Each structure stands twice: as C-alpha cells, then as structure tokens.
Amino acid sequence: MREINRKVQSGEIKVCGKCGEAKDLADFRDGSLTTKYGRFCRACKSEPHYSYHYEPVRAQVNEETLTRKETNRLLSFTEAPEKYATGSETAKAKVQELVDVSHKFSDGQTSNFESAYRVYTEALKLAQERKSSRRKEDYAPAVQKALNERLTLNMRYKGLVRDVYPYAADDTYCIAYCTFRKELRTFRIDRMVNVKIGAPFSFDASLQRSAQGRVGAAHAYRK
C-alpha cells in the first residue's frame, strides 16, 4: 500500500475516478477519457452511460504517520509485551491505543506488533489465571479463632513470612502486633497466604485497646 501511495504521489501511476484502481499511465493517455468526475481508465470509460450511473471512487491515500509518542509506545510494547499484561485498566488502555493506530503501521511494524500482541495475550491470560487462583481460602475463621484464643498467626503477607499476634479483627481486616515490624499493623485477610495457627502469645491489654479503634478506621481509610 505504501508503495502504491508513493507511485500515485510521484505521478508514476494514476487512480481511476470510478473504480478506484491504480493503473499504468497508458490507461489514461487518451484525452477523451476525462470526465466531470475526473479521469476514468479505459475499462470504466467503455461501460455505457457512465456519466449517469457512476459516482467517482476516490483513492484512499493514507498519508498518516505515527507520532513520536506512538512510535515510542510501539517500540516499548514490542520489546516487552509481558510488562503490559498486568490486567490494570491503564495497561489495557495503552495497548488499545496501539490497536487504534495500527492502520498507520508499516509492514514491519505490523508484523512486530502482531507477534508482541500474541505474547501479550498469553501473558495476560496467565496473569488472570494466577489472580483467580489466589482467590483461595477464606482465612477469616482462622483469624477469629486465633483472636479469641490469643494464639499466634503465622502467614505469608506481601512476600514476607510473619508471626503476628491478633488483637482485633472483622471479616476484612486484622489488627495484629507484627513481630517483624515490632508494632501494630493492619492486615487485609484476603491478602494473607498460608495462614497457620501457632502457640499462645503474651497478651497486652494496651495493644488491644489501640487495635480495637483501628478496625473501623481501616475501612474508612481504604474506601
């Protein structure tokens, strides 16, 4: 398409005003082929009653080119499509912007984009499967048991294995003393992984009073 556009712009070939096909100049050399709709090729001119039945079909010469921002994004996407497979709305919007301007791509860019898009699609599918698999056990009952019986909770949270002493909790949050951070921390129960109930801990009433006021605050803060 780009080669045809170049030849049309340079005058090496012409586009018929009726059929819209690009043809050699020999098809337009007879001056009698000129019509009020522009020049028709010999084949179209030979059809009867052309001036009453035919509307001209103009060639669609695509002169659009990628902006610098679009070029940089395309380069970034084709080099590392997996980093766009986060599932976030922002990442999806960036990929969609490339899809929307894909008509501007050269043949090489189109090939690279299509290959990268296949990798992106597979990576996005895997990310969604991993996310679904994490919607696992409901640890709220275990948290409540540890809270009521003043037992240590061992868990993985944000990549770290922690021992915590629960002092307050509802179905969403647990306020517990974290032995790693050495302070009360707020934990989302649905983000806990591999929760296990351990040994009793030394209960601190002052920590309990502080923790009870933080459960409601956690909901308000994270709305």
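Bear in mind these aren't lab numbers, they're just calculated from the coordinates by the rules spelled out. The structure displayed is predicted, hence computed values, not measured ones. Reconstructed Cβ throughout: ideal geometry from the backbone, glycine too, with neighbour counts over all protein chains shown.
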Query - Distance in nm between pseudo-label sites at Gln96 and Glu82 (7 Å out along the Cβ direction from Cα) - result: 2.6 nm
Query raised in the report: Over region 106-187, with a single point scatterer placed on each C-alpha, what log10 of the ratio I(q)/I(0) does the Debye formula yield at q = 0.18, 0.23, 0.26 1/Å?
Result: -0.79, -1.05, -1.19
Report task. Step through the table entries Lys125/Lys196; Lys69/Lys158; Lys158/Lys182; Lys7/Lys94; Lys7/Lys92; Lys158/Lys196, compare each Cα-Cα distance with 26 Å, and write down the pairs that go over it. Result -> Lys125/Lys196; Lys69/Lys158; Lys7/Lys94; Lys7/Lys92
Query - Residues with amide H under 5 Å from that of Val101, placed H, sequence gap 5 or more - result: none
Report summary line: Calc'd 3J(HN,Hα), region 67-75, phi into Karplus 6.51 cos²θ - 1.76 cosθ + 1.60 (θ = phi - 60°), Hz, glycine/Pro = x, comes to 6, 4, 4, 5, 5, 5, 5, 4, 4
Report task. Amide H neighbours of Tyr167 under 5 Å, at least 5 residues apart or on other chains, H built in the peptide plane: list them. Result -> Ile175, Ala176, Tyr177
Query - Ratio Rg/Rh, restricted to region 140-221 and using Cα atoms, in which Rh is the Kirkwood radius - result: 0.91
Query raised in the report: Say each of Ile197 and Phe180 gets a label point 7 Å from the Cα, pointing the same way as Cα to Cβ; how far apart are those two points in nm?
Result: 2.3 nm
Report task. Could you work out the Kirkwood radius for region 68-133, taking every pair of different alpha carbons, averaging 1/r and inverting it, reported in Å? Result -> 12.1 Å
**Report entry** Within region 140-221: Cβ-based charge dipole about Cα centre, in debye rounded to nearest 20 (Lys, Arg +1; Asp, Glu -1)
**Finding:** 280 debye
